[in-house]
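In what follows, a structure is listed as structure tokens, so that the remarks can point back to it.
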Amino acid sequence: MTEPARAPAGAFDNVARYEAFMEVVRARMTNRAFAPHTVPREHFELILEAARHAPSGANAQPWHYIVVTDDGAKQAIGQCFVDEQQHRARLRMGFPTPNYNGVKTAPGLIVIVADFRFVRAFPVLNDGSALDRLYRENAERILLQSVAASTMAAHLAAAALGYAVWWITAIGQEDIQKQVKPLLGVPDELAIIDVMCFGPPAKPSYKRWKKRLDQIMSWDRFDPAQFMTEAQIDDWVRNTRHRVMYRDESKID
Ligand SMILES: Cc1cc2nc3c(=O)[nH]c(=O)nc-3n(C[C@H](O)[C@H](O)[C@H](O)COP(=O)(O)O)c2cc1C
């Protein structure tokens, strides 16, 4: 595959290209129900070609993407999420969960696998000590961030093609891993950490609330006005979360 032309040295104000990029960034919106569609193989390749270029700690590239096209497998994976959602409801976790049946009909379904054995690519003592545990946790965080960076590139590529996307992590539970791994032939040593769904939306996607730039940005020192106390966070969870998760930003009162 030929690499695209690089920007000439010194061209750091390519606003037109930035705007084209931002159009894709803004257009990436979560949708949880899709219209029937057949995603050509080429589109999966275009999307994962973007994932391939992501940065990663130690350049370990600890990711693997499984494109799921088999309808039976899609049904089974979707059902795992539906069951998990019902399990959470029974536990009264109070998390506003969406309808995961949409996974079963997602035209594009990609299961994301991480290889945490790459912790050994980072400074770890491997002696079982408390210090070793700290370094190990840090190494795991590096790997998780690396896979997220790659996954994000895939989501943006799908958005660039015009698809609605859905990033699902509700998979941490052991039984989901146990059910999905054999279905897709994933070796035990690896971890399924995410599922990416995409396709034409069943209903138009809507833009969710995003913090303003000044709320997420400080110059030189952390802006204390942006620090939230735990009580404020609890309040956010109680009174705001449900509104920003499933509502159009323009319709929030
Ligand atoms: C790391 C991560 C995990 C997520 N996990 C789930 C999930 O398990 N289920 C789900 O329905 N949506 C999940 N989402 C989607 C978010 O709910 C969604 O991105 C958020 O509400 C903002 O909406 P937007 O993507 O349209 O900007 C996840 C997103 C990210 C980045």
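The values are calculated or read from the model by the stated rules, or taken from the named source; none is laboratory data. Remember, predicted model here, so these are calculated numbers, not experimental data. Cβ coordinates were reconstructed from backbone atoms using ideal geometry, including for glycine residues, and neighbour counts include every protein chain displayed. The area values use the complete protein model at the heavy-atom level, side chains included, leaving out ligands, DNA and RNA. Shrake-Rupley method; radii C 1.70, N 1.55, O 1.52, S 1.80 Å.
Being closer than 20 Å to ILE171 by Cβ and not charged (D, E, K, R) is the filter here; which residues of the range 120-146 pass it?
LEU143, LEU144, GLN145, SER146
GLN232 - would you say it is within 16 Å of the ligand (Cβ to nearest atom), more than 14 Å from TRP166 (Cα to Cα) and free of Cβ contacts under 8 Å to residues at least 40 places away in the same chain? Reasoning before the result, please.
Numbers: within 16 Å of the ligand (Cβ to nearest atom): no; more than 14 Å from TRP166 (Cα to Cα): yes; free of Cβ contacts under 8 Å to residues at least 40 places away in the same chain: yes.
Spelling it out, it is not the case that GLN232 is within 16 Å of the ligand (Cβ to nearest atom), more than 14 Å from TRP166 (Cα to Cα) and free of Cβ contacts under 8 Å to residues at least 40 places away in the same chain.
Within the range 13-46, how many residues turn out to be surrounded by 14 or more Cβ atoms within 10 Å (Cβ to Cβ), within 16 Å of the ligand (Cβ to nearest atom) and either at pLDDT below 95 or part of a helix (DSSP H, G or I) (or both)?
Result for the range 13-46: 2.
Filter the range 116-154 down to the residues that are within 13 Å of the ligand (Cβ to nearest atom), under 12 Å from GLY57 (Cβ atoms) and either at pLDDT below 90 or of a type in the set (A, V, I, L, M, F, W, C) (or both) and list them by number.
Listed by number, the residues that qualify are LEU144, VAL147, ALA148, ALA149.
Limited to the range 161-191, what total is found for residues that are more than 16 Å from ASP115 (Cβ to Cβ) and among the charged types (D, E, K, R)?
3
Within the range 53-62, is even one residue open to solvent by 60 Å² or more (accessible area, probe 1.4 Å), among the hydrophobic types (A, V, I, L, M, F, W, C) and part of a helix (DSSP H, G or I)?
So in the range 53-62, the residues open to solvent by 60 Å² or more (accessible area, probe 1.4 Å) come out as 53, 55, 58-59, 61.
When the remaining residues are screened for being among the hydrophobic types (A, V, I, L, M, F, W, C), the result is 58.
This time we only want the ones that are part of a helix (DSSP H, G or I), so: 58.
Yes, the range 53-62 contains at least one residue that is open to solvent by 60 Å² or more (accessible area, probe 1.4 Å), among the hydrophobic types (A, V, I, L, M, F, W, C) and part of a helix (DSSP H, G or I).
How many residues does the range 157-192 contain that are surrounded by fewer than 14 Cβ atoms within 10 Å (Cβ to Cβ), assigned to a helix (DSSP H, G or I) and under 15 Å from the mean Cα position of the chain (by Cα)?
Qualifying residue count, the range 157-192: 0.
Could you check the range 90-111 and list, in sequence order, the residues that are within 14 Å of the ligand (Cβ to nearest atom) and farther than 17 Å from GLY199 by Cα?
MET93, PHE95, PRO96, THR97, PRO98
List every residue pair whose Cβ atoms sit under 6 Å apart, with the two residues 6 or more apart in sequence or on different chains, where the first one lies in the range 193-210 and is touching a residue at least 40 places away in the same chain (Cβ under 8 Å) and the second, anywhere, is near the ligand (Cβ under 7 Å from one of its atoms) and of a type in the set (Phe, Trp, Tyr).
Matching pairs, first to second residue: CYS197/TRP166.
Take the residues of the range 198-253 that are part of a helix (DSSP H, G or I) and among the basic types (Lys, Arg): which is farthest from PHE95 (Cα to Cα)?
In the first step, residues of the range 198-253 are kept if they are part of a helix (DSSP H, G or I); the result is 213-216, 224-226, 230-239, 241-245, 249-251.
This time we only want the ones that are among the basic types (Lys, Arg), so: 238, 241, 243, 251.
Values: ARG238: 10, ARG241: 9, ARG243: 12, LYS251: 21 Å.
Result: LYS251.
Based on this model, can you work out whether ARG241 counts as of a type outside the set (A, V, I, L, M, F, W, C), closer than 30 Å to PHE116 by Cβ, open to solvent by less than 60 Å² (accessible area, probe 1.4 Å) and within 14 Å of the ligand (Cβ to nearest atom)?
Yes.
Spot the failing condition for GLY78; the list is (1) touching a strand residue (DSSP E or B) at 6+ places or on another chain (Cβ under 8 Å); (2) within 14 Å of the ligand (Cβ to nearest atom), and only one is missed.
(1)
Inspect all residues belonging to the range 195-207 and state whether any of them is among the hydroxyl-bearing types (Ser, Thr, Tyr) and either within 16 Å of the ligand (Cβ to nearest atom) or under 30 Å from HIS37 (Cβ atoms) (or both). First the steps, then the outcome.
Initially, the range 195-207 is screened for residues among the hydroxyl-bearing types (Ser, Thr, Tyr), giving 205-206.
If we keep only those that are either within 16 Å of the ligand (Cβ to nearest atom) or under 30 Å from HIS37 (Cβ atoms) (or both) as well, we get 205-206.
Yes.
Every residue in the range 194-229 that is in contact with a Pro (Cβ under 8 Å, 6 or more places away or on another chain) and among the hydrophobic types (A, V, I, L, M, F, W, C), please. Break it down stepwise before answering.
In the first step, residues of the range 194-229 are kept if they are in contact with a Pro (Cβ under 8 Å, 6 or more places away or on another chain); the result is 198-200.
Answer for the range 194-229, where residues must be in contact with a Pro (Cβ under 8 Å, 6 or more places away or on another chain) and among the hydrophobic types (A, V, I, L, M, F, W, C): just PHE198.
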